[in-house]
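Each remark here refers to the structure printed beneath this line.
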Amino acid sequence: MIDLEQSKNKLKVVVVLPAYNAEKTLRQTVNDIPVNFVDEIILVDDGSCDKTTELAEQLGLIVIRHKKNQGYGANQKTCYETALSRGADIVVMLHPDYQYDPKLIPYFVDFIANGCFDVMLGSRIRSRKEALAGGMPKYKYFFNRLLTIFENMASGLNLSEWHTGMRAYKRKVLESINFIENSNDFLFDSQVLFQIIERGFRIGEIPVPVRYFPEASSINFWRSLRYGLGTVLVALKFLTKKIKNGK
């Protein structure tokens, strides 16, 4: 049996929470984060209209607040810049909407700390039945599958999901990619993965439970459609560059 505590060693693990109107689910999320595996928790509030910032401060988190909403990608940029500036060796990005199980963080850390992978992704897609039973809307499942297949074809990888909100990065990965140039919106996640692939970093996956419920944040159908079209363009851009370079 792997000793997860030992595998962490002396690496500084920082969890970043890109938050927007997360007051209803933040406490549940933070309470499930294994404190013995995490050195700091940083929450970036992207101009929320609720009491996300106040609650985060009550919970003892490191809090940064954008005065106005800048977008999901812009939120992550602040998250990663802050984590790196505070000396993080491993950065775990976790949506604070409680869709993802924070108790799995030690396993993400273990794979990176032991040198197995540079990046870890939490995959919600093990089967269609399980995803839909967990509350994932049918149109989201369809878009997720379609886009993931296309992105795998473009990249040459075989990831089960490209669109997860639970990820872990080795420090070197975030230092090596120019994530600041990426979109300030939801395209940020796909752009980061293509940058990581281009740099040759190793990506691993862990299955995570599917949890959709009314309080969890979610983009609507039309924003999902726009996101999907944008993702296709990002993948085509990567593929064109790949072909041009003869790879």
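The values are calculated or read from the model by the stated rules, or taken from the named source; none is laboratory data. What you see is a predicted model, and the numbers here were worked out from it, not measured in a lab. Ideal geometry is used to build each Cβ from the backbone, glycine not excepted, and the neighbour counts take in all protein chains shown.
From the list Asp89, Asp39, Asp45, Asp32, which one is within 25 Å of Val210 (Cβ to Cβ), in contact (Cβ under 8 Å) with a residue 24 or more places away in the chain and of a type in the set (Asp, Glu)?
It is Asp32.
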| field | the stretch 201-247, subset touching an Asp or Glu at 6+ places or on another chain (Cβ under 7 Å) and among the small types (Gly, Ala, Ser), residue modelled with the highest pLDDT | value | Ala235
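Looking at the stretch 112-134, can you tell me whether even one residue there is of a type in the set (Gly, Ala, Ser) and more than 11 Å from Val210 (Cα to Cα)?
yes
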| said: Restricting to the stretch 143-172, give me the number of residues that are surrounded by fewer than 18 Cβ atoms within 10 Å (Cβ to Cβ) and of a type in the set (Phe, Trp, Tyr). | reply: 1
| Taking Glu175 and the conditions (1) surrounded by 16 or more Cβ atoms within 10 Å (Cβ to Cβ); (2) of a type outside the set (S, T, N, Q); (3) under 27 Å from Gly115 (Cα atoms), which numbered condition does it fall short on, given that it satisfies the others? | (1)
| said: Residue under question is Lys140, and the condition is that it be assigned to a helix (DSSP H, G or I), among the basic types (Lys, Arg) and crowded, with 16+ Cβ neighbours inside 10 Å; does it hold? | reply: yes
| request: Please enumerate the residues belonging to the stretch 45-70 that are crowded, with 17+ Cβ neighbours inside 10 Å, among the hydrophobic types (A, V, I, L, M, F, W, C) and assigned to a loop (DSSP other than H, G, I, E, B). | output: Leu61
| Options Leu17, Leu26, Leu11; residue that is in contact (Cβ under 8 Å) with a residue 40 or more places away in the chain and in a loop (DSSP other than H, G, I, E, B) | Leu11
| request: May I ask you to list the residues in the stretch 178-213 that are touching a Phe, Trp or Tyr at 6+ places or on another chain (Cβ under 6 Å) and in a strand (DSSP E or B)? | output: Gly204, Ile206
| request: Scan the stretch 153-182 residue by residue and report those that are over 13 Å from the mean Cα position of the chain (by Cα) and either farther than 23 Å from Val14 by Cβ or at pLDDT below 95 (or both). | output: Met153, Ala154, Ser155, Gly156, Leu157, Asn158, Leu159, Ser160
| So which residues in the stretch 99-123 are of a type outside the set (D, E, K, R) and either buried (at least 23 other Cβ atoms within 10 Å of the Cβ) or under 13 Å from the mean Cα position of the chain (by Cα) (or both), if there are any at all? | Gln99, Tyr100, Pro102, Ile105, Phe108, Val109, Ile112, Val119, Met120, Leu121, Gly122, Ser123
| said: Considering only the stretch 128-151, I want to know if a residue exists there that is touching an Asp or Glu at 6+ places or on another chain (Cβ under 6 Å), touching a residue at least 40 places away in the same chain (Cβ under 8 Å) and among the small types (Gly, Ala, Ser). | reply: no
| Filter result for Ile203 (under 14 Å from Glu151 (Cβ atoms) and either touching a Cys at 6+ places or on another chain (Cβ under 6 Å) or among the β-branched types (Val, Ile, Thr) (or both)) | yes
